[in-house]
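Where a number appears in this text, it was derived from the coordinates with a stated rule and is not lab data. Just so we're clear, the structure is a prediction, and the values are computed from it rather than from any experiment. Neighbour counts are summed over all protein chains in view; Cβ atoms, including those assigned to glycine, are modelled from backbone coordinates with ideal geometry.
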């Protein structure tokens, strides 16, 4: 069995979830007015959590698809709610990404945040708790609680420490997500109610039981739709993406890093964890439409990225395109595609996290994010240019770095499902090279507009220190991706195998869609 | 052999990392020590490997499992056979010489360490490209060499034209890679493997339609990397890079990757007559198309660049008509003589302090003698002068095109041969003969330092002799027997060299000489003729000078429309429609909120009343539902 006692001896998942919150509370109560102390506390707590997530991977049995490090305590018995935690390879990978990025944003915010610093660092820690909770929850009610817990600090991070239009951005972010959350809440209550074994039993929130439950096609249709929309807002899928550029442009660096690095992954994670296993019949109905929307996201997102003038907005819009590969890979419904999608999620977390860090560092020097005001910066800032080039190349899918593995596998998955769709998705890779290299050229190459930048310092050790781990992981995931693919392989195979019986007689749903549309 | 095989790429890789990280601060003007030593060692090891292959030894080695996801399994592995050996010969030799040459050419450049680091990264990638044992790994290093090309084209990045050229090269290649990548995926989806041996073993099992699709997609990649029409546009611009880069990457090695890939995939291409014809067609057309542009260019490197495009076209023409060995033979010969020509042109540019316009040259032949004579050898080689490298390799192509029944391609190719001889010697005469046209530059002109001219002399040797060494007697030379095992299944029977072949050979030699003489007449005897001719055929002249306006067409038909579309989508769809809807609904809810604002008056009695009403409604609903 995979209880936490047998595997490691202490409730490691609970510790991972609540250590940051405990740290935040301690900071708020005992360290008011002592910035050095609480900043270091935040750094140490997130550092410990990162180490703990590595311990988790170390003790993780990656040969099985079973949930591991299980913790199960009844919480509200009459409502069938329990405190149930467990992780598989997908969760473990994303938890590691979360703890890493949560750690790195602490030094990145060290001097950047000028007001209400304590509240800021405490928010980051609460946020970390919520994110890890989502990835570890095995009870749908608990899942929802963590989901909401995670949104509130992010709302404040954007709304309090953001740029000039922060209120608009924060409200937009909140409304989009809230609309999604409400749909999800309704769906959660509905399926918990409908999954009762008999009419006198308590509702079923346990995700293991919900996976086993069988819902009527009609229920599946509506529940799938509600969950899917909630997750699609998070991904974000076209056309639900417009909160993203605003949120990113206004958010402080740390907010953008976490938002792009982890919060967007909640969408893909939710689809894998809930939509596919719970509603297999609905999946086959929706697949062709979702794939079409994913392809639109890839191309549309890339085209819009091409014409952005603000560096941060450019990175934000590029996320829309990259995340299209995630949803496309997931709904290709084969092992290669889904593994690719998860690799894209992981890699995008590393690379976009790094890119947002770099945008922040650049902004601290230049006080602008307008690409037109840059140019020739490789001269005064060679180290910055080298890092930016690296992350640009990784992000445009240069083989040997992390971006390639995920996108290529995702493409293979989509291509296996439908060749034409694979070909369309591949256009996104041409466009990615176009918008990234063009940006790089305008920012780093060509003439320098002002010699005064030679007086600004190049990256310091703190900045290099936050980027190097991300670069190292990007190389690792590109050169030896099996470390990560092994981790996510068994759970992905389980998801696909469980779905297989429902898809067998459906054939190529895209062709059916075409024929239903065109009558041929 | 294993140790040698792995060290060949790893030495430059190690040197790249060390030089890249420490060069700026510690090595500075000594940055070339390690890189040059690394490529020298790789060269020695390559020679060792070639000798082993010559003795009949080959290698197939899975190093580790790279990507394993579901049924998708790809290894990192190395394969060495005769084809790899031939590529190693060119890559290691020209690579080594270019490194040595760069010590002199790049001396004093602020990015000295960076230059050698990039060159080493390129050597690593190029070695791995030819050593890879499967299609995905080939794709990986295909893109990696493209990256190095990008970095080196944009090496002088403050220059706008250099930055533009770098980006353009990467993007145009990405278009090709889009096809290549889809081809690789299609192979995997069809056969479930990407390993060369396994794929070629099952080539016969693939349906004709799929096979044609696969090979055409792969060929799109080759068209991009080897700068064939219509994706040739990046190569002339790539001349913005330092000249050693043009020599190594954009003439002798990387641009050959497309030819190599098609040759490597010969079992697939061979099965599809449609693809083969398209390969031959694109190759032949590109050959004459690029040669015609080269006739009127005034930038010394641009002439050589279009010449490269044209010669690569010859190679594809050869592959397309099934003259596999001839195509590769020309690749080798061209690698040496075009590498030489670029280095020699660099020596001219160096002598004139950066001047590239041939209209400002002239009369240099006595000033820079070594450069002049090595240039002559390279030019005679490419013009197909009897006895030199290009004579044997190009003639082998022409002959097989003709004998294969493609007489229409032969006519185009022989015309191209004439143009080749003409534009090469136009270049020679404008640069080295006649009166100096820029006296100031001429006065300062000086021969390059020894570290630069020695590589010229070294490369002149194979440019002169490799044809005789490998290609004599025609059709039954050493290279034919050496490469035969690779192309065993796709090669017809050996044929005899008879009267017809002799006649063809003599004719093409004659055409080359006529081309040289024509250039002599126009640029030495009657220097007024070019202007007159240009004026007389003004329309044609402008078309050629403007390179058929291909770049402008791309801007008008693709780049500008895409930008306009993107801006439109952003402004209209994102901001107006979607956000309009979002903000509109926010306004709507605010309005609705205002509507109900009186309800939240804070008066307890009104709340109580509302609750009572609500209760009534619920009870009524319950009563109706349970009825």
Distance in nm between label sites at residue B:507 and residue A:22, each 7 Å beyond Cα in the beta-carbon direction?
9.1 nm
Compute the label zone of residue B:415 within region B:525-550: residues whose backbone N is under 19 Å from the point 7 Å along Cα-to-Cβ.
B:534, B:537-549
Within 10 Å of each residue's Cβ, count the other Cβ atoms and sort B:2, A:419, B:168, A:455 from fewest upward.
A:455, B:2, A:419, B:168
Exposure proxy ranking, count of Cβ atoms within 10 Å, fewest first, for A:355, A:467, B:529, B:171:
B:529, B:171, A:467, A:355
Given a Förster distance of 35 Å, report the FRET efficiency between residue B:373 and residue B:537 from their Cβ-Cβ distance, rounded to the nearest 0.05.
0.55
Determine the shielding of peptide A:376-382 by partner chains: average, over its residues, the number of Cβ atoms on other chains within 10 angstrom of each Cβ.
2
If the chain between residue B:613 and residue B:63 were fully extended at 0.36 nm per residue, the gain over the current Cα-Cα distance would be 190.2 nm
In nm, to one decimal, how far is the modelled label at residue B:109 from the one at residue B:461, with both set 7 Å along Cα→Cβ?
2.7 nm
Taking the Cα centre of each part, how many Å lie between region B:16-34 and region B:518-532?
49 Å
Using alpha carbons only, how many angstrom separate the centre of region A:327-401 from the centre of region B:87-129?
28 Å
If R0 = 56 Å, then residue A:462 and residue B:499, at their Cβ-Cβ distance, give a FRET efficiency to the nearest 0.05 of 0.10
Prolate/oblate/rounded call for region A:385-467, Cα gyration tensor, a/c under 1.5 rounded
oblate
When A:188, B:17 are arranged by how many other beta-carbons sit within 10 Å of their Cβ, fewest first, they go B:17, A:188
Under 20 Å from a point placed 7 Å out from the Cα of residue A:37 along the Cα-to-Cβ direction: which residues of region A:111-134 have their backbone N that close?
A:111, A:115-126
Which percent, to the nearest 5, of DSSP beta bridges fully inside the protein assembly as shown are antiparallel?
95 percent
Average Cα contact separation per residue, chain A, under 8 Å, 6 or more apart, as relative contact order %:
15 percent
Once residue B:407 and residue B:205 are pulled to full extension, the length gained, defined as 0.36 nm per residue separation minus their Cα-Cα distance, is 69.5 nm
Be a star and scan region B:406-437 for residues whose amide nitrogen sits under 20 Å from the point 7 Å along the Cα-to-Cβ vector of residue B:518.
B:408-431
Residues residue B:189 and residue B:565, FRET efficiency given R0 of 25 Å [Cβ-Cβ distance, rounded to 0.05]:
0.20
What length, rounded to one decimal in nm, is gained on full extension from residue A:216 through to residue A:59, with 0.36 nm per residue of separation minus their alpha-carbon distance?
52.6 nm
Using a 10 Å cut-off on Cβ to Cβ distances, tally the other chain neighbours for every residue of B:180-191 and report the average as a whole number.
4
Mean separation of Cα contacts under 8 Å (6+ apart) over length of chain B, as relative contact order %:
12 percent
What whole-number distance in Å separates the alpha-carbon centres of region B:187-231 and region A:279-297?
30 Å
Simple spin-label model, 7 Å along Cα-to-Cβ: residue A:116 to residue B:298 in nm?
6.6 nm
Relative contact order (percent) for region B:1-59, with alpha-carbon contacts under 8 angstrom and 6 or more residues of separation?
53 percent
